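Novice: Would you mind keeping the following structure in view while I ask a few things?
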Amino acid sequence: MTKILVIEDERILRKSLVRLLSAEGFDVISAENGRIGIELANKESPKLILCDLMMPEVDGYQVLSQLQENPDTAMIPFICLTAQEERAVLRQVMELGGNDFLTKPFTRIELLRAINTQLSKHQRIIKDQKQAVEEVIVNLTNQVYYDGLTNLPNRILLRDRFEKLVKQLNPNQACIPLIIITLNQLERLTEGLGLDYVDLLFETLIERINHQIGANDTIVRLNNEQVILIHPSIKNKEEIIKIVQTIIESFNQPFTLVGYQVILNTSIGISLYPDHGTDFDTLLKNANIAAHQGKQKKQNGYEFYSDAIAVKSKDRLLLEIDLRQAIQENQFEMYYQPQVNLKTRKIIGAEALIRWQHPEKGRISPVDFIPIAEETGLIIDLDQLVLKTVCEQIKQWQNNNMFLPISVNLSGLQFSRKGLVKQILKILEETQIDAHYLDLELTESAVVQNPELAEQILNDLKKLGFKLSLDDFGTGYSSLSYLHQFPFDKLKIDRCFVADISNNSRNAAIITGTILMAHGLSLKVVAEGVETDAEAQFLEDNNCDAIQGYWYSPPVTVEEFETLFQDSK
């Protein structure tokens with residue numbers, strides 16, 4: 001049955017409308033004032049709203065305005081009921097987003113005709129949106145799986161092919177090598193010659209590598225300086241060395257482009273399945289470690305991963321020791337980066353970001369200590385510390401009449417740990433805050449490791465009232481089908497797609513498609529890393545719900561955030 005919400009302060013008329021519409025087969029709910037009407041609209045998600053304009057306290061104009069600010073209710077057809085016939089009144093209704101109006105008194109036929117017209121229009125809109133989303137998904141799938149410059153498979157497709165090779169492999173006879181080729185001076189060439197020239201160079205480089213490898217090999221452009229190669233199966237290291245040496249020899253010949261001749265120096269790291277890891281992420285990490293070690297030793301060299309390489313870095317080991325002590329002594333401070341509604345320019349939330357102030361070394365970047373925390377398992381204690389600190393801060397703000405949700409990142413290790421839900425609930429109980437003030441952010445890689453378990457945990461968190469966000473969307477490995485499977489509330493578009501969006505048509509297409517797709521799935525969209533007026537304007541024009549980034553504010557201290565929040569009211 002189609003659910004209709006009637007908001008009318010006149011008791012007799014309200015009852016009459018409920019009785020009439022119920023007799024027509026509609027599921028009717030009613031509200032005696034605007035405040036209750038807004039609450040029911042958010043809670044019940046009706047298919048259409050009938051609302052009186054002239055009501056005490058919260059009138060029909062205010063009801064319409066508030067519902068339009070919420071993406072979850074903005075698309076509900078809204079028919080105003082009014083005794084006024086002035087054109088200015090009717091124009092104001094339409095400008096606020098109203099769909100139709102009925103002048104009192106109206107007949108049963110006029111009422112039903114208006115309702116059926118709006119429901120039919122809304123049904124067409126939904127159908128058109130669904131078709132548009134399907135088209136976007138097809139286009140995005142092509143963009144998600146292939147590199148835009150070289151048209152090579154990207155890391156997502158590489159993962160799929162790796163998993164297929166593992167299933168076909170006889171572990172008693174062969175191994176699968178993952179080879180990372182790092183182009184050491186490409187950053188310097190980019191600064192000297194420009195990005196366009198380096199892109200041409202990269203395409204030529206890929207062609208040269210393709211001449212040296214087999215038809216069954218998979219080659220992928222990992223980033224602007226690295227290429228990954230996976231060979232189907234090799235029986236011994238000698239075969240791998242022959243392949244690597246062939247690639248190195250091909251790089252010894254100059255690359256000639258646009259009048260320039262360049263010799264590329266490389267560092268090659270190799271990890272082997274199953275000796276150096278049994279999952280793609282571990283092998284990729286270990287091959288990177290080996291490539292970094294090879295770069296330190298010599299140019300145009302290669303290095304196989306070994307356990308010894310992983311522990312050779314003295315600085316890393318010392319930083320790990322310091323990190324353990326820092327967690328015990330709580331040497332951390334939480335910063336908060338505002339999340340801003342693009343339409344109202346008001347702060348609607350914030351992301352909590354951890355900062356480490358070392359007593360001797362000073363400020364240590366999260367880029368340096370978070371990877372160590374994840375590798376050593378210290379991220380679990382760190383996540384707990386962050387959650388508790390943020391919840392205590394939320395409570396303190398609420399005591400000062402400052403109510404807004406705060407986003408907290410959950411690591412993949414923490415997310416997959418037993419008892420996660422109970423641990424979070426314990427912190428909420430200790431700090432006495434409601435779950436809906438905590439927005440839990442997870443990366444794609446955190447949920448795709450075990451989709452069945454992830455779905456169960458996410459559904460449990462959702463039932464308890466937590467908001468759930470998929471962070472860094474577009475940079476991970478997950479299939480787009482997971483967006484239907486997991487109960488996320490928000491997608492956060494990674495900053496790499498936002499940068500210079502007004503001059504990057506590919507990124508613009510990806511963001512436009514992502515917003516359309518997300519809204520079609522009833523997801524809100526937050527863009528990260530917004531730094532310029534042009535980026536903010538593009539996102540506003542394309543109906544992005546909210547942004548965060550230096551354009552509005554960098555991450556700031558508690559006191560600075562409080563000032564920003566008060567100023568945004």
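The numbers here are math on the coordinates, done by the rules we state, and not lab data. Computed from a prediction, not measured in an experiment: that's the story for all the values here. Cβ sites come from the backbone with ideal geometry, for glycine too, and all protein chains shown count toward neighbours.
Novice: Determine by what factor the alpha-carbon radius of gyration of segment 3-128 differs from 2.2 N^0.38 Å, reporting the quotient.
Specialist: Ratio of Rg to 2.2 N^0.38 Å for segment 3-128: 0.96.
Novice: In addition: Determine the dipole magnitude for segment 314-568: charges of +1 sit on the beta-carbon of Lys and Arg, -1 on that of Asp and Glu, nothing else is charged, the reference point is the Cα centre, and the result goes in debye to the nearest 20.
Specialist: Charge dipole of segment 314-568: 500 debye, to the nearest 20.
Novice: Taking a cut-off of 19 Å between Cα atoms, list the lysines near K104, but don't count ones fewer than 8 places away on the same chain.
Specialist: K15
Novice: Additional query: Once you wrap a convex hull around the alpha carbon atoms of segment 314-568, what is its projected area averaged over all directions, in nm²? The partial results should precede the final answer.
Specialist: Working: hull surface 56.5 nm².
Spelled out: convex hull of the Cα atoms, projected over all directions, averaged, 14.1 nm².
Novice: Also: At a 10 angstrom cut-off on C-beta neighbours, averaged per residue, how do the peptides 545-554, 9-18 rank from highest to lowest?
Specialist: 545-554, 9-18
Novice: Holding the Cα-Cα limit at 30 Å, pick out from K130/K285; K361/K492; K43/K121; K395/K569; K130/K426; K422/K490 the pairs that are longer than that.
Specialist: Values: K130/K285 39 Å; K361/K492 33 Å; K43/K121 23 Å; K395/K569 20 Å; K130/K426 41 Å; K422/K490 23 Å.
Pairs exceeding 30 Å: K130/K285; K361/K492; K130/K426.
Novice: Any idea what % of Cα-Cα pairs in segment 380-514 are farther than 21 Å? Kindly include the intermediate steps, with their values, before the conclusion.
Specialist: Values: 4115 of 9045 pairs.
Tail of the P(r) past 21 Å holds 45 percent of the pairs.
Novice: What is the projected area of the convex hull of the Cα atoms of the chain, averaged over all directions, in nm²?
Specialist: Mean projected area of the Cα convex hull: 31.4 nm².
Novice: Would you compute, from DSSP H runs of 4+ residues alone, the mean residue ellipticity of the chain at 222 nm, taking -39500 (n - 2.57) per run and dividing by the full residue count, rounded to the nearest 500?
Specialist: My calculation for the chain gives -16000 deg cm²/dmol from helical runs alone.
Novice: How many angstrom lie between the C-alpha centres of segment 277-291 and segment 510-569?
Specialist: 34 Å
Novice: Among the lysines, which fall within straight-line cross-link reach of K167, defined as a Cα-Cα distance under 19 Å, with same-chain neighbours fewer than 8 residues apart omitted?
Specialist: The qualifying lysines are K235.
Novice: Treating the angle as unsigned and between 0 and 90°, give the value, to the nearest 10°, between the Cα long axis of helix 34-44 and the longest Cα principal axis of the chain.
Specialist: Long axis of 34-44 versus the principal axis of the chain: about 50 degrees.
Novice: Continuing with this model, one more query. Excluding residues on the same chain fewer than 8 positions from K164, give the aspartates and glutamates whose Cα lies under 19 Å from its Cα.
Specialist: The qualifying aspartates and glutamates are D217, D275, D279, D281.
Novice: Hey, what angle do you get for helix 11-23 against the long axis of the chain, alpha-carbon based, 0 to 90 degrees rounded to 10?
Specialist: Helix 11-23 and the main axis of the chain meet at about 60 degrees.
Novice: Give the relative contact order (percent, whole number) for the chain; include only Cα pairs under 8 Å separated by 6+ residues. Intermediate values should be presented prior to the final figure.
Specialist: Values: 908 pairs, mean separation 51.9, N = 569.
Worked out over the chain, it gives 9 percent.
Novice: Next question, about the same structure. List the residues, sorted by chain then number, that are 5 or more residues from Y273 or on another chain and whose placed amide H is less than 5 Å from its amide H.
Specialist: I176, L178
Novice: Compute the long axis of helix 420-431 from its Cα atoms, compare it with the longest principal axis of the Cα atoms of the chain, and write down the angle in degrees, 0 to 90, nearest 10.
Specialist: 60 degrees
Novice: Given the chain, what percent of its DSSP beta bridges are antiparallel, to the nearest 5?
Specialist: On the way: 37 of 78 bridges.
Approximately 45 percent, going by the DSSP bridge assignments.
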